[in-house]
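Peer 1: My questions all concern the structure below.
The values are calculated or read from the model by the stated rules, or taken from the named source; none is laboratory data. A quick note: this is a predicted structure, and the numbers were derived from the prediction, not measured. Here the Cβ positions follow ideal geometry from the backbone for every residue, glycine too, while neighbour counts run over all protein chains shown.
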DNA sequence: GCATCTACTGGGCAACATGACTAGTGGTTT
DNA sequence: AAACCACTAGTCATGTTGCCCAGTAGATGC
């Protein structure tokens, strides 16, 4: 789905101040409420905006340590590994990537010591041959989407 | 900050149906509105809930390809590389990790061919010595937080 | 034992936002 | 020329919000 500048500005507005509501957004965008309404509906229907769920910070929940683990998987064990990892709450995200049966997963833990427990739980499974873990020290660019939205709106 | 089961259920509710509002949430939780209100305020003040921004799907915006790039950085060039990468809209996320001046970044692109352009732009910078890229094929566990919230609520 | 705190309930209020609808306008397509 | 589309500007009933209150139950401190 393609978006125009008005869509882009609407998304930006909602990203910066999600609580303003569609009426206030339409005022700031200088369009009629129905227009903003229709644009938002269209963005949601088109899947561009998947939802407005709460953004939870794992650090504030007591999980300040983030790590990425690259897993090497035994041939044919992919499905089992996936369902194993999905049962571990500290696994926030899992991707299968190009390479040799590789997966990449994002982990959080209560401390560096606790990370060991998490990793043991993650890799303590038959289908996983090898794991290498990179601990995140800094996060200079936190997950963001606005620059991409602007880019998409401009063409 | 620690959360209890009521906080956890509130977060779950809002994650599943963000548009219900605090009044409906309080009804479903079986508590007074003021209580739900106070819990939500506390969660936001404590940083557990950072916001309710729109969740934008890059794929729906025309960027269906995701990749993770591991970058090796020249000593002392970290800051320059960070600011370089933050200007690339296709860089959705950037972490510095343990290792030898390593960074991990999440990229999106319009196609596999377009990914080449993005990578060229990312690594076409002096401070970057080497880059290795893993293209995401599947995403069996999309970024999630609810299991962790439940875990945190239960202890 | 008794006072104090804190969190919760249940209620009431005015102000505001929402969804659904209408009629009218201007630009594009066929 | 007719049909179509996105937009404006407005209405309406309904629901929600933010803010207030007094009263209650459980925990903590003296």
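Peer 1: Would you please name the residue that is farthest from residue A:40 (Cα to Cα), looking only at residues in region B:44-78 that are in contact with a strand residue (DSSP E or B) (Cβ under 9 Å, 6 or more places away or on another chain) and assigned to a helix (DSSP H, G or I)?
Peer 2: The qualifying residue farthest from residue A:40 (Cα to Cα) is B:78.
Peer 1: Let me ask something additional. Yes or no: residue B:71 at pLDDT 95 or above, within 30 Å of residue A:104 (Cα to Cα) and either within 16 Å of DNA strand C (Cβ to nearest atom) or not assigned by TED's automatic domain parsing to the domain that holds residue B:15 (or both)?
Peer 2: Considered against the rule, which asks whether it is at pLDDT 95 or above, within 30 Å of residue A:104 (Cα to Cα) and either within 16 Å of DNA strand C (Cβ to nearest atom) or not assigned by TED's automatic domain parsing to the domain that holds residue B:15 (or both), residue B:71 comes out as yes.
Peer 1: Could you check region A:2-45 and list, in sequence order, the residues that are surrounded by 14 or more Cβ atoms within 10 Å (Cβ to Cβ) and under 20 Å from residue B:89 (Cβ atoms)?
Peer 2: Of everything in region A:2-45, those that are surrounded by 14 or more Cβ atoms within 10 Å (Cβ to Cβ) and under 20 Å from residue B:89 (Cβ atoms) turn out to be A:3, A:6, A:7, A:8, A:9, A:10, A:11, A:12, A:13, A:14, A:15, A:43.
Peer 1: Restricting attention to region B:47-54, does a residue exist that is away from DNA strand D (no atom under 16 Å from the Cβ) and surrounded by fewer than 19 Cβ atoms within 10 Å (Cβ to Cβ)?
Peer 2: So far as region B:47-54 goes, yes, one or more of its residues are away from DNA strand D (no atom under 16 Å from the Cβ) and surrounded by fewer than 19 Cβ atoms within 10 Å (Cβ to Cβ).
Peer 1: I've got another one for you. Which one of A:10, A:92, A:14 is more than 16 Å from DNA strand C (Cβ to nearest atom) and either in a helix (DSSP H, G or I) or touching a helix residue (DSSP H, G or I) at 6+ places or on another chain (Cβ under 8 Å) (or both)?
Peer 2: That would be A:92, the only listed residue that is more than 16 Å from DNA strand C (Cβ to nearest atom) and either in a helix (DSSP H, G or I) or touching a helix residue (DSSP H, G or I) at 6+ places or on another chain (Cβ under 8 Å) (or both).
Peer 1: Considering only region B:18-33, how many residues are on the phi < 0 side of the Ramachandran plot, at pLDDT below 95 and out of contact with any strand residue (DSSP E or B) (no Cβ under 9 Å at 6 or more places or on another chain)?
Peer 2: Result for region B:18-33: 1.
Peer 1: Residues in region B:99-141 that are outside any strand (DSSP E or B) and either in contact with a helix residue (DSSP H, G or I) (Cβ under 8 Å, 6 or more places away or on another chain) or more than 7 Å from chain A (Cβ to nearest Cβ) (or both): how many?
Peer 2: 20
Peer 1: Then there's this: Among B:42, B:33, B:19, which is the only one that is within 13 Å of DNA strand C (Cβ to nearest atom) and at the interface with chain A (Cβ under 8 Å from one of its Cβ atoms)?
Peer 2: It is B:19.
Peer 1: When only residues in region B:56-98 that are at the interface with another protein chain (Cβ under 7 Å from one of its Cβ atoms) and exposed (fewer than 15 other Cβ atoms within 10 Å of the Cβ) count, which is farthest from residue B:126 (Cα to Cα)?
Peer 2: The qualifying residue farthest from residue B:126 (Cα to Cα) is B:98.
Peer 1: Out of B:110, B:121, B:106, B:117, which single residue is in the same structural domain as residue B:71 (by TED's automatic domain parsing) and surrounded by fewer than 16 Cβ atoms within 10 Å (Cβ to Cβ)?
Peer 2: B:117
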